[in-house]
Amino acid sequence: MAETIHKLVIIGSGPAGWTAAIYAARANLDPVVVVGVPKQDPGPVLPGGQLMLTTEVENYPGFPEGVAGPEMMMKFQAQAERFGTEILGEDITRCEFVPGGPHTLHTSEGRAIRAHAVIIATGATANWIGLESEMRLARAGGGVSACAVCDGALPFFRNQPLAVVGGGDTAMEEATYLTKFASTVHVIHRRDTLRASKVMQERLLSKPNARVEWNKAVVDCLSEGEVGKNEKLRAVVLEDTVTGERSELRVKGLFVAIGHTPSTKFLRGTALEFDDKGYISLATRHSHTNIDGVFAAGDVADSEYRQAVTAAGMGCAAALDAERWLGRKGLA
Ligand code: NAP
């Protein structure tokens, strides 16, 4: 039997991946979307991407009342499936890209998938401070997390002092969410001005139980209980980034919200080009990468905007670029 070579495989199932699939399916490209498998990395990484870890999306046009992130991703998926998108619940672990294609994608189940065109839409995952104590407590479920929305409502955080590290929109969003459960939410920021948009800053700062610890870095997490058994966070050690002075802040939960890293590990060993921040480099105004027949869309190729709506727009562009590329080769 002749080996199947798909016209288009899309890796990733956030707004970019699903939008690419909707456009590609409607163009009869019979796309396959590789959605990935859930994992702890050490925080949660889910098919559907970062929106699966977001409560309310208020800035996606068309949802005047807002929409829950997971609900929005289910709608994206349903729309892609309606037009015949095939879904594969595996991870891509390694890629063999051949300029002009076909390309070979190796999956976590040991399979090799072949495709004339590939769209990479694997997004980005949350960053960690990188402290040994932070990672140990995060892995143990001991009160350190990179997702307030996933973990903040747990009973042992209720009416307790909690902290969020970071000064961007994510930190504001997570801290605002936590003010519903916590006695106090401390936002720990390494500078004296926040990076977050004014509206998000104001929303947080209007909460009576929110406060910002300016010019502070978390340098250690102190715990109680037994390591490897029932260890739980009891305080963080802060260092003043101006004076170097150290202090302890008693908190039961630490939520790390210090940005994201593009998910590109599986692309190691390929000839793809990346920018100096590690995001996939794209041709100006297009979704083409430096490898003919390989396209990228969404946060994995965008360190600048990183919004659901911009990712969706990039997914659309990538599907159109792939369709035209396949057409030029007589494959569409
Ligand atoms: P971000 O804007 O890159 O902000 C990261 C924050 O973490 C910055 O304040 C940064 O400090 C701090 N930081 C970075 N590395 C650190 C470290 N090692 N230790 C301590 N602090 C560190 O990331 P983001 O907040 O995740 O937002 C990403 C994008 O998503 C943005 O475009 C944002 O607008 C968007 N977003 C939008 C919404 C919304 O509109 N609903 C919600 C969430 C995110 P410095 O400021 O000192 O660099």
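Every read-out reported here was derived from the displayed coordinates using simple, explicitly stated rules and does not represent laboratory data. Given the structure is predicted, the values throughout are model-derived calculations rather than measurements. So basically every Cβ, Gly included, is an ideal-geometry build from the backbone, and we count neighbours across all protein chains shown.
Among the GluC sites (Glu not before Pro) within region 1-105, those in coil by DSSP and having at most 15 neighbouring Cβ atoms inside 10 Å are 3, 58, 65. Taking amide hydrogens as placed 1.01 Å from N in the peptide plane, the amide H of residue 10 sits under 5 Å from those of 32, 33, 34, 119, each at least 5 positions away in sequence or on another chain. What residues from region 234-251 fall in the zone where the backbone N is under 12 Å from a label point 7 Å along the Cα-to-C-beta line of residue 217? Within reach of a label on residue 217: 238-245. Averaged over residues, the count of other Cβ atoms within 10 Å places the peptides 179-186, 110-117 in the sequence 179-186, 110-117, highest first. The length gained on full extension between residue 195 and residue 94, counted as 0.36 nm times the residue separation minus their Cα-Cα distance, comes to 32.8 nm. Can you give the FRET efficiency for residue 206 and residue 281, using 1/(1 + (r/R0)^6), R0 = 56 Å, r = Cβ-Cβ distance, to the nearest 0.05? After rounding, the FRET efficiency stands at 0.85. For the chain, taking a cut-off of 4.7 Å between Cβ atoms, the unpaired cysteines are 95, 221, 316. Pairs of alpha carbons in region 37-165 separated by more than 21 Å make up 57% of all such pairs.
Tell me the angle of helix 308-328 to the major Cα principal axis of the chain, expressed in degrees between 0 and 90 and rounded to the nearest ten. The answer is roughly 20 degrees. Is there a pair in 39/265; 198/277; 232/252 whose C-alpha atoms are over 18 Å apart, and which pairs would that be? Among 39/265; 198/277; 232/252, the Cα-Cα distance tops 18 Å for 198/277.
Label region 128-256 by shape, choosing from rounded, prolate and oblate, from the square roots a ≥ b ≥ c of the eigenvalues of the Cα gyration tensor; if a/c is under 1.5 it is rounded, and otherwise prolate applies when a/b is larger than b/c, oblate when it is not. Judged from the Cα gyration tensor, region 128-256 comes out oblate (a/c at least 1.5, b/c at or above a/b). With R₀ fixed at 41 Å, the C-beta to C-beta distance from residue 183 to residue 261 puts the FRET efficiency at about 0.80. For 197, 133, 108, the sequence from fewest to most other C-beta atoms within 10 Å is 197, 108, 133. Note on residue 329: aspartates and glutamates with a C-alpha under 15 Å away, same-chain residues under 8 apart excluded, are 292, 321.
Here's how it looks for residue 93: its modeled amide H is under 5 Å from those of 106, 107, 108, which are all 5 or more places away or on a different chain.
The local environment of residue 295, defined by Cβ-Cβ distances under 12 Å, has a net charge of -2 under the rule Lys, Arg +1 and Asp, Glu -1. For the pair residue 65 and residue 241, the difference between a 0.36 nm per residue extended length and the Cα-Cα distance amounts to 59.3 nm.
Structural descriptor for region 88-222: relative contact order 17 percent, calculated from alpha carbon pairs under 8 angstrom and at least 6 residues apart.
Note on the chain: Cα convex hull, mean projected area over all directions, 18.5 nm².
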